[in-house]
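Reviewing the structure listed below.
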Amino acid sequence: MDSTGNMWILEKNTPQQPGGLKQRVISALLYCTGEMKQLHTHMKDKSFLLQFSEWCLRGISRVILLNNPLSGALIIAALLLESPWQALLGMLGLLASTLTAIILGQDWEDVSSGLHGFNGMLVALLMGIFSSAGDWYWWLLLPVCLGGATTTFISSSLAPVLERWDLPVSVFPFNTVIVLYLACTGTSNPYFPNYPAQPPGTPESTNHTQLHVPQLLQGVVLGVGQIFACGTLGPSLLILGAVFLFSPVLAVHALLGSVISTVAGMSMSVQYSFLYTGLSGFNGALGCMIVGAFFIFSWRTHLLSIANALLSAYTDIALSNLLGAVGLPACSWAATLTGTLVLLLTGENFKEYRIPTGKVTSPEHNLHSHKQWSVANTNTTDV
Amino acid sequence: MDSTGNMWILEKNTPQQPGGLKQRVISALLYCTGEMKQLHTHMKDKSFLLQFSEWCLRGISRVILLNNPLSGALIIAALLLESPWQALLGMLGLLASTLTAIILGQDWEDVSSGLHGFNGMLVALLMGIFSSAGDWYWWLLLPVCLGGATTTFISSSLAPVLERWDLPVSVFPFNTVIVLYLACTGTSNPYFPNYPAQPPGTPESTNHTQLHVPQLLQGVVLGVGQIFACGTLGPSLLILGAVFLFSPVLAVHALLGSVISTVAGMSMSVQYSFLYTGLSGFNGALGCMIVGAFFIFSWRTHLLSIANALLSAYTDIALSNLLGAVGLPACSWAATLTGTLVLLLTGENFKEYRIPTGKVTSPEHNLHSHKQWSVANTNTTDV
Amino acid sequence: MDSTGNMWILEKNTPQQPGGLKQRVISALLYCTGEMKQLHTHMKDKSFLLQFSEWCLRGISRVILLNNPLSGALIIAALLLESPWQALLGMLGLLASTLTAIILGQDWEDVSSGLHGFNGMLVALLMGIFSSAGDWYWWLLLPVCLGGATTTFISSSLAPVLERWDLPVSVFPFNTVIVLYLACTGTSNPYFPNYPAQPPGTPESTNHTQLHVPQLLQGVVLGVGQIFACGTLGPSLLILGAVFLFSPVLAVHALLGSVISTVAGMSMSVQYSFLYTGLSGFNGALGCMIVGAFFIFSWRTHLLSIANALLSAYTDIALSNLLGAVGLPACSWAATLTGTLVLLLTGENFKEYRIPTGKVTSPEHNLHSHKQWSVANTNTTDV
């Protein structure tokens, strides 16, 4: 029932007889947004290299809960703009984990929709950010490849455990691998030295100055970029654009989550640098987006997404303080854990809005197919 | 079979023709002890406010494994005696988490038997105890409400995971939320400063003096009170009385567990202040009570309850030392973890004594319905 | 099908008409290798004490993934050679946990194959190694007995959780109990003082000297011995011999894993003392052996065993650094966790090689019965 509902949307999205220029533009836009299933079907006859590129681009977009190769391309552009070295590392981590998935013989459908790439990419990006050996330190490619491969290994093992409760593997492998890598190498390693992570709760070293509002607003946008460890405005806006391309609803969730998370950070008086660089915002943004992606959109689930962003933000501060005591970052542990909790909610008022993990697409499509399904259901019961 | 067995007990507990004064007193006492199911049935026609009060009072008693509104009232009295501010915080946390359960649409049966209140209450009480901002610091009501709501959120999510193994959610949400809250705020937060937790294993600062036996004995009783963060004798005795009202067997378990736990603390030479204030005793008391509540009473399970109290006590010292290294308390993590382990025991000699989580009432009733059930079983096999 | 396959091997292993001396030696050797199922059957008529000894000897060999009473006897000899006090502690821990299993009423089959002894033995050995009170400190027998009993308690509880995914309980109970014990007692306890554990990543205190190759090679062999906390060459070789007796393939895995793990340690520039004493090697050895024992031997699974040894080694360095920050050792957490992950792998290329937990014997027998099974399968499909 659900799959035919989706088919129907796709038919409507691509009118058979495009009229003027305006209609053509709209039709092209509709083609590029959402999951781009048509491209996926179209690609099946193409060469392996082209197909593989599509998988990788989808994998990149998966980091931020999207599933659209164009969004992936936009994000790669953003990373190149930020730092070509980081973009190279990210691509290598992505390749390493996707190839490992093929070697392990993971489910073909999962591999081709990019589900085995995003953890490797994130590990690579964070390894690059925390390395204190500077850019173009070629030895770093070694742990990047190994770390990327390990994420697939962990994904493959966690899947049977988590799927008992219909939970996605999410970024658990990334968080595990990066924390182990940083604990393994430490700050004084002769081959792979890292910067220590600062806990956000340490008292300000400078005198208590006024909060700078424009910087704070910039921090909110950077919060979306920080999901890819991007700390500058341009790339962050590009990444936000990539989200918008897949689903405007998710883009709103990302920004809203970042705002809530930044406010939560202020209420705990974290260091200003955390607010300005977006480090306070990204867990809230992710927490808000998870509810947006995995639940049918309604005012109830909207409140839930706000609650989850708040919970995510506070949990992040707590975990950052705890892990910061041994010089480790909390990465996206907070959003991953609270996101997993929210997906397990059993309350009757929210259970019906939860989309089964395998059926999740963009919020717009989810809403549409849900309505269709409800109508069909009503018709059946009428008869 | 079991439910009819319970019905039968209740009928016997309320003789139809009360004779003299003595019989009336006994009948009233029997009415007030145990689960007070009659009151629960009686309440169903009353106004929502009255019903809600009953749920809340049951929720308070749930903290210490009881299910009796009168016990709840006694405990509230004990808290008021100890500190009105603490009692206010506890009630607010209880309200916040119960209301969240109603908003989330949790199972009505669970809400009305107080299963969604006790975690919120505990979080609120501990927030108050650790706050270094003094009593009547009104800003604290904010985290109390948020923390209470979060416990329900976590309860609702943990339930489907734990019920696969027929485990109760127990106080996992409370322990998670309070540790995260204290890690998030820390000791130098400008809005919500806390006292740091002391690890019990740090060497005594004063010279090695003689152990004071009367203070030690008082510490045993305070161990029961410390389940509600009560550190004075009067309220602790009231709380012990509340346990006795629900089930004399559980009250014995509570005291026994506290004794064992205090002895375990002495064998590890923890600081005297931990022994005297009951902080050494409360995890053992809980560990002992869990076995008392979830297993049919017999000499075998009695040995198990002693073993679990011991295990709980040593685990608590270990966790307190570990978490104390970053200034955090171990709360009741030890009793919760060992209690969960004991409920999972697969050994044939104990499996038959385990009561399914949904059927647990007071140990006396459990014993009774078990005997009934055994008799019925034998009769059936005879025929 | 599988069991008849095993029967057939055993029949072939014991030719009915032994000819000359050479054949008799071979027949005796074949009798002593592998699982020695014939001895197990033979023992069933003997006195309880003899049977119990066989169970205990099997339990000792279980520590290192074997199941052979003669291997167990060899290992006890190695421990006696290393330190009689340690051998005594190990035996006591083994007895305590096996007896607890009998008291709890655990499955008889499990008890008699030594599955409830090895965790207790390991706890006892590590308690002895870390105790700074010196040898023949008789008070240590108390925690050894309690710790041994607790491992059975935890095994019994973890089993129903882990068996949902067909996972063995492995050495989770040992690792939990020893970390809790060391955290509970600490380094300055007046009754049970311990040495603090050193994190391997702390910079060398001496000047950077050349690596000593012969000591490094010795460290590889010691890596196998360190599974039993043995730090000298003779006993380590005896333990390696015990592995060889059960299965030459596993012995190769043990050495290979230790080599890989030592190389991994060098790549992270851990302290030389860790490389020389085998502390760097033992987690890799275990990680490699787990794949060797639980997967049908083939070149694919051989690559997997190398990958797992590598992962195990790096995880061990990370965990040792983390736990070392609070003065605790990482024990075999790394190998246990990565081993559990590898057993959960869902990739199609490895899934078919995984042996169900209950059917695991020596790699040679596994390979044989797998081939038989495959042939039988082909025949069936032919018809």
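The values are calculated or read from the model by the stated rules, or taken from the named source; none is laboratory data. From a predicted model like this one, the values you see are computed outputs, not experimental measurements. Ideal geometry is used to build each Cβ from the backbone, glycine not excepted, and the neighbour counts take in all protein chains shown. Just so you know, the surface numbers come from the protein's heavy atoms only, side chains and all, with ligands and any DNA or RNA stripped out. Shrake-Rupley method; radii C 1.70, N 1.55, O 1.52, S 1.80 Å.
Here are some notes:
- Among (1) modelled with pLDDT under 95; (2) in a helix (DSSP H, G or I); (3) closer than 17 Å to A:G225 by Cα - the single one A:S280 does not satisfy: (2)
- The residues of the stretch C:70-89 that are open to solvent by less than 10 Å² (accessible area, probe 1.4 Å) and without any contact (Cβ under 8 Å) to a residue 60 or more places away in the chain, listed by number, are C:W85, C:A87, C:L89.
- Unique residue being more than 26 Å from A:I102 (Cα to Cα) and assigned to a helix (DSSP H, G or I) when the list is C:N349, C:N308, C:N321: C:N321
- The single condition among (1) buried (at least 24 other Cβ atoms within 10 Å of the Cβ); (2) in a helix (DSSP H, G or I); (3) more than 14 Å from every other protein chain (Cβ to nearest Cβ) that B:C331 does not meet is (2).
- Any hit, the stretch C:345-352, residues being under 25 Å from the mean Cα position of the chain (by Cα) and of a type in the set (D, E, K, R): yes
- Failed item, numbered, when A:I64 is tested on (1) within 20 Å of A:G148 (Cβ to Cβ); (2) assigned to a helix (DSSP H, G or I); (3) open to solvent by less than 50 Å² (accessible area, probe 1.4 Å): (2)
- Selection from the stretch B:247-266 of residues that are within 17 Å of B:V213 (Cβ to Cβ) and open to solvent by 40 Å² or more (accessible area, probe 1.4 Å): B:L255, B:V259, B:V263, B:M266
- In this entry, A:D135 is excluded by the filter for residues that are of a type in the set (D, E), more than 13 Å from chain C (Cβ to nearest Cβ) and in contact (Cβ under 8 Å) with a residue 60 or more places away in the chain.
- Within the stretch B:281-295, if we keep just the residues that are out of contact with any Asp or Glu (no Cβ under 8 Å at 6 or more places or on another chain) and farther than 13 Å from B:V342 by Cβ, the residue that is farthest from the other protein chains (Cβ to nearest Cβ) turns out to be B:A285.
- Test result for A:M289, open to solvent by less than 40 Å² (accessible area, probe 1.4 Å) and touching a His at 6+ places or on another chain (Cβ under 7 Å): yes
- Within the stretch A:97-112, if we keep just the residues that are hydroxyl-bearing (S, T, Y) and more than 11 Å from chain C (Cβ to nearest Cβ), the residue that is surrounded by the fewest Cβ atoms within 10 Å (Cβ to Cβ) turns out to be A:S112.
- Subset of the stretch C:298-346 (residues that are more than 16 Å from C:N175 (Cα to Cα) and aromatic (F, W, Y)): C:W299, C:Y314
- Residue within the stretch A:78-96 that is more than 16 Å from the chain's Cα centre (by Cα), within 14 Å of chain C (Cβ to nearest Cβ) and closer than 19 Å to A:Q51 by Cα present: yes
- Unmet criterion (only one of (1) in contact (Cβ under 8 Å) with a residue 12 or more places away in the chain; (2) open to solvent by 10 Å² or more (accessible area, probe 1.4 Å)) for B:A124: (2)
- For the stretch A:187-199, the set of residues classified as surrounded by fewer than 23 Cβ atoms within 10 Å (Cβ to Cβ) and at the interface with another protein chain (Cβ under 10 Å from one of its Cβ atoms) consists of A:T187, A:S188, A:N189, A:P190, A:Y191, listed by residue number.
- Breaking point among (1) buried (at least 21 other Cβ atoms within 10 Å of the Cβ); (2) in contact with a Lys or Arg (Cβ under 8 Å, 6 or more places away or on another chain), for B:Y353: (1)
- In the set (1) within 21 Å of C:V252 (Cα to Cα); (2) outside any helix (DSSP H, G or I), C:A73 fails one condition alone, (2).
- In the stretch A:304-320, the condition of being farther than 25 Å from A:I178 by Cβ, crowded, with 20+ Cβ neighbours inside 10 Å, in contact (Cβ under 8 Å) with a residue 40 or more places away in the chain and away from chain B (no Cβ under 14 Å) is met by no residue.
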